[in-house]
Amino acid sequence: MSGYKGHIAGALAVNAIYVAGVRALPGEMLQRWDLSLQDWQLLIGLFVIAVLFGLFPDVDTNSMGQNIFFGIAFLAEIVLIVSGKFEPAAYLGLLAMTPIVGKHRGWTHNKLAMFLVPAPILVIPYLHNHQVWTMGLLIYGAAVAGYFSHLLLDGLIVKFIHFKGQ
Ligand SMILES: [Zn+2]
C-alpha cells in the first residue's frame, strides 16, 4: 500500500509549521535578510518543495511517490534544458538517479540524507543571479521540513509515531 497521501499531508503540515516559524522571526531580521513571505508565489513554491522532498525518500521503491517524483523531475529536466540551465539539469539528473542505487528504506531514509539531499538548493540564489543566500536557505528549510515529515511518519525519528506508509 502506498502511503503517498499521508506523506503529502505530513509535508504540508510540517512545512506550515516551518513557514509559521519563519514568519515569527522579528520583522527587521527578515528585512535585513531580504526575505518576504508576503509573496504568494514564494509561499506556494515552499509548499511544493516540501511536498516534493516529503515524497522523495520513497523513490527507492515502486510507489506513488516514485511516480510523482520522477514525473516532476522529468518535467523540470525539460524546463531546465530548454532554458539552457545545464548545470542544475545535471544535478537534478544525478539526484534522480541515486535512489535506485540501494535497497528500500536504505540511504534515502537516513537522517543525514534529510540534510544532504536538499543541499544543492543552497545554490538557487546563485542560479537566479542575485547573491541572496537567505533565499536559498529559506527554500532549503522547506525541503528539510518535507523530508523530516517523511522520516517522522515512517517512524524513523521517534519510535511511537508510525504511519502505515512505505
Ligand atoms: Zn518511506
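Over segment 84-142, what relative contact order in percent results from Cα pairs under 8 Å that are six or more residues apart? Don't jump to the answer; show the numbers that get you there.
Values: 28 pairs, mean separation 13.1, N = 59.
In percent, rounded to a whole number, it is 22.
Is the C-alpha gyration tensor of segment 55-108 telling us rounded, prolate or oblate? Criteria: a/c under 1.5 is rounded; beyond that, a/b larger than b/c is prolate, otherwise oblate. Mind dumping the intermediate values first?
On the way: a/c = 3.86, a/b = 1.89, b/c = 2.04.
Oblate shape, in that a/c is at least 1.5 and b/c is the bigger or equal ratio.
Would you mind getting the Kirkwood hydrodynamic radius of segment 1-133 from its Cα pairs, rounded to one decimal in Å? The partial results should precede the final answer.
Values: mean 1/r = 0.0613 Å⁻¹.
Hydrodynamic radius (Kirkwood, Cα only) of segment 1-133 equals 16.3 Å.
Is segment 62-148 best put as rounded, prolate or oblate by its Cα gyration tensor, with a ≥ b ≥ c the root eigenvalues, rounded for a/c under 1.5, and otherwise prolate when a/b is larger than b/c, oblate when not? Walk me through the numbers on the way to the answer.
Working: a/c = 2.17, a/b = 1.27, b/c = 1.71.
Oblate is the answer for segment 62-148, as a/c is 1.5 or above yet b/c matches or exceeds a/b.
Could you go through segment 61-72 in sequence order and give the Karplus-derived ³J(HN,Hα) for each residue, using 6.51 cos²θ - 1.76 cosθ + 1.60 with θ = phi - 60°, rounded to whole Hz, and x for Gly and Pro?
My calculation for segment 61-72 gives 9, 6, 9, 5, x, 5, 4, 5, 4, 5, x, 5 Hz in order.
Can you pull out the trypsin sites (Lys or Arg not before Pro) in segment 1-80 that DSSP calls coil and that have at most 12 other Cβ atoms within 10 Å?
none
Determine the gain in length on full extension of the stretch T134-Q31; use 0.36 nm per residue of separation and subtract their C-alpha separation, reporting nm with one decimal.
Values: separation 103, 0.36 × 103 = 37.08 nm, distance 1.10 nm.
Net length gain for the segment: 36.0 nm.
On a straight-distance basis, which lysines could pair with K159 in a cross-link, Cα separation under 22 angstrom, same-chain partners fewer than 8 positions away excluded?
K159 reaches K5, K103, K111.
Bear in mind that the values in this text are calculations on the coordinates, not laboratory data. This one's a predicted model, so the numbers in the text were calculated from it and none came from an experiment. Reconstructed Cβ throughout: ideal geometry from the backbone, glycine too, with neighbour counts over all protein chains shown.
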